[in-house]
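Okay, structure first, notes after.
The values are calculated or read from the model by the stated rules, or taken from the named source; none is laboratory data. No experiment lies behind these values; they were computed from the predicted model shown. Heads up, the Cβs are rebuilt from the backbone with ideal geometry, glycines too, and the neighbour counts pull from every protein chain shown. Ligands, DNA and RNA are stripped out before the accessible areas are found, and what is left, the full protein with its side chains, is counted by its heavy atoms. Shrake-Rupley method; radii C 1.70, N 1.55, O 1.52, S 1.80 Å.
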Amino acid sequence: MIRTPAALLPYLLAVAAVVAGVLWHAGDHVAGIGRNIESGSASVGSPFSLIDQSGSVRTDKDFRGRFMLVYFGYSYCPDVCPTTLAVMANALDKLGTKRARIAPIFISVDPERDRPKVLKDYLNSFAPDFVGLTGSAKAVSEAARAYRVYFKKHNLPNGGYAVDHSSIIYLMGPDGHFVTYYEETIGPDALAADLSKRL
Ligand code: NI
């Protein structure tokens with residue numbers, strides 16, 4: 001008997017589900033995703049239009065002339081987001097006068113809870129000049145897709161939810177184009193050293 005593509009389909013779907021399951025259950029943050037972004041760097045980080053923590057519309061064009069250090073996450077994140085934001089803030093503090101050339105940007109993957117006021121309070125505890133961005137579910141999804149960021153809500157036993165998301169720090173140039181990216185495990189010293197070299 002010849003195996004038709006239709007007969008193969010359930011098998012392929014099962015394999016895909018297993019692969020996806022391994023990725024998503026690796027932890028709150030999806031490790032490894034983004035390792036292929038260098039080959040497709042030309043298209044990483046296309047235009048976005050979101051709302052900042054003061055309620056103003058912000059687009060990628062507002063940041064032309066400065067580097068953007070971009071991280072996607074959410075304020076309810078229990079561990080990796082706060083750690084990464086602290087690393088970013090500490091690294092920027094080490095840059096001295098060069099710091100003004102970088103706009104640190106935190107884009108929420110949980111727009112349902114991360115309203116502007118929530119982001120404002122959250123970011124104030126890291127660095128007041130961080131730009132926190134949120135928006136409609138559609139606007140956030142489009143921004144995430146542009147940066148090859150994956151995120152997915154999952155329900156928690158207590159009735160709440162968490163958002164699994166890839167954890168990558170992006171550096172975009174003054175022209176808005178992708179420059180490089182960093183793993184969230186990079187420490188503040190290594191991040192500051194690399195940024196300093198590029199500024
Ligand atoms: Ni997180």
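Separation of region 132-199 and region 44-113, taken as the distance between their Cα centroids, equals 8 angstrom.
Summing Lys and Arg as +1 and Asp and Glu as -1 over all other residues whose Cβ lies under 9 Å from the Cβ of Thr134 gives a net charge of -2. Could you please report the charge total around Asp52, scoring K, R as +1 and D, E as -1 over all other residues with beta-carbon less than 11 angstrom from its beta-carbon? Its environment carries a net charge of +1. In this structure the amide hydrogen of Phe72, modeled in the peptide plane, comes within under 5 Å of the amide hydrogens of Ile107, Ile168, none closer than 5 places in sequence on its chain.
Residues Arg198, Arg58, Arg145, ordered by accessible area of protein heavy atoms at a 1.4 angstrom probe radius and largest first, appear as Arg145, Arg198, Arg58. Across region 61-199, Cα pairs under 8 Å and at least six residues apart give a relative contact order of 34 percent.
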